[in-house]
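The values are calculated or read from the model by the stated rules, or taken from the named source; none is laboratory data. Since the model is a prediction, treat every value here as computed from it, not as a measurement. In this analysis, Cβ positions are derived from the backbone assuming ideal geometry, glycine residues included, and neighbour counts consider all displayed protein chains.
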Amino acid sequence: MGNNTFDMAETTLENQKPAQIFDDPEMEAMMDAGVHVGHTKMRRNPLMGPYIFGVRNNVEVIDLEKTKELFKKALEYMKELVGKGKVVLLVGTQPAARTIVQEIADETQMPSVTRRWIGGTLTNFKIISKRIETLETLEREKASGGFEKYTKKERLVLNDEIDRLKKNFDGLRLLKSMPDAVFVVNIVQDDLAVAEARRMKIPVIAFCDTNSNPKLADFPIPSNDDAVPAIRYMAGRIKAALLEGRMASKAPKT
């Protein structure tokens, strides 16, 4: 696939390169999931030019050959990282990604942020850790019946505090120290997470749609980052890599 943008209004991606797409199950699966569908031309980030195949009906089409190549590198990196017992923080706060990221975090036992990125999550990690400790202390006190000594009004205040802390920090309970890498579904939506990771020199793995700046990620993955089918397919591959890494970390050393 070429790097130059051209009008695909009368030509489908399928009949441009049928051998490369349909002789490759992985690329065909990506296409079926809509991974190749970018944004309109007017929203393009110029730095995404090398990863764009063309334009169809004013919508830019991502080069799936580039996606496959870069995705393979990212998956291998995450698998190797987790295989060494390292931690990847999963970030996806947009509604389309929230449930998917939470499911992956639960299955892989990785920390996650699926609601709102709290400023300082990485750059002020000690304070965030203390907030998580407060949440867990309150939960233990409630579970042990310790709230019974408070008035009804005081119990309401404490329960509200638990709910607020859970909403903000529940997914970070497994993050006992700084993560070894951060995966971000949408680097435009979660730009603060990316900025903090870069400031702390933590590698960033990210889907990069046609409106993204791929240079903000150490492992950019050209991909639709808005549509649920595309996110689910690509995130499912990431889940598999994390689980493989987890299994490798638990395997007996020879």
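See the values below:
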| quantity | calculated |
| --- | --- |
| Residue satisfying condition, being touching a helix residue (DSSP H, G or I) at 6+ places or on another chain (Cβ under 9 Å), crowded, with 18+ Cβ neighbours inside 10 Å and farther than 14 Å from Phe71 by Cα, within set Asp180, Asp226, Asp209 | Asp226 |
| Output for the range 107-117, where each listed residue is at pLDDT below 95 and surrounded by 15 or more Cβ atoms within 10 Å (Cβ to Cβ) | Arg115 |
| Gly245 vs. criteria of a type outside the set (A, V, I, L, M, F, W, C), assigned to a helix (DSSP H, G or I), in the same structural domain as Arg116 (by TED's automatic domain parsing) and surrounded by fewer than 16 Cβ atoms within 10 Å (Cβ to Cβ) | no |
| Answer residue from the range 119-128, given it is free of Cβ contacts under 8 Å to residues at least 60 places away in the same chain and buried (at least 16 other Cβ atoms within 10 Å of the Cβ) and is farthest from Asp163 (Cα to Cα) among those | Phe125 |
| Candidates Lys153, Lys166, Lys142, filtered to the one that is exposed (fewer than 11 other Cβ atoms within 10 Å of the Cβ), out of contact with any Asp or Glu (no Cβ under 6 Å at 6 or more places or on another chain) and either free of Cβ contacts under 8 Å to residues at least 40 places away in the same chain or of a type in the set (Phe, Trp, Tyr) (or both) | Lys153 |
| Filter result (among the small types (Gly, Ala, Ser), free of Cβ contacts under 8 Å to residues at least 60 places away in the same chain and assigned to a loop (DSSP other than H, G, I, E, B)) within the range 19-62 | none |
| Check on Ile104, closer than 23 Å to Asp226 by Cβ and either in contact with a strand residue (DSSP E or B) (Cβ under 9 Å, 6 or more places away or on another chain) or in a helix (DSSP H, G or I) (or both) | yes |
| Number of positions in the range 178-202 that are in contact (Cβ under 8 Å) with a residue 40 or more places away in the chain and either touching a His at 6+ places or on another chain (Cβ under 8 Å) or not basic (Lys, Arg) (or both) | 17 |
| Yes/no for Pro220 being within 22 Å of Val87 (Cβ to Cβ) and touching a strand residue (DSSP E or B) at 6+ places or on another chain (Cβ under 7 Å) | yes |
| The lone exception for Ala248 - which of (1) within 14 Å of Glu76 (Cα to Cα); (2) of a type in the set (A, V, I, L, M, F, W, C); (3) free of Cβ contacts under 8 Å to residues at least 60 places away in the same chain it fails | (3) |
| Boolean, Lys142 is of a type outside the set (Ser, Thr, Tyr) and touching a Ser or Thr at 6+ places or on another chain (Cβ under 9 Å) | no |
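For every residue, the table says whether it meets (1) under 28 Å from Ile221 (Cα atoms); (2) touching a Lys or Arg at 6+ places or on another chain (Cβ under 8 Å); (3) at pLDDT below 95.
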| site | (1), (2), (3) |
| --- | --- |
| Thr134 | no, no, no |
| Thr151 | no, no, yes |
| Glu161 | no, no, no |
| Asn168 | yes, yes, yes |
| Val182 | yes, no, no |
| Leu192 | yes, no, no |
| Ile202 | yes, no, no |
| Ala206 | yes, no, no |
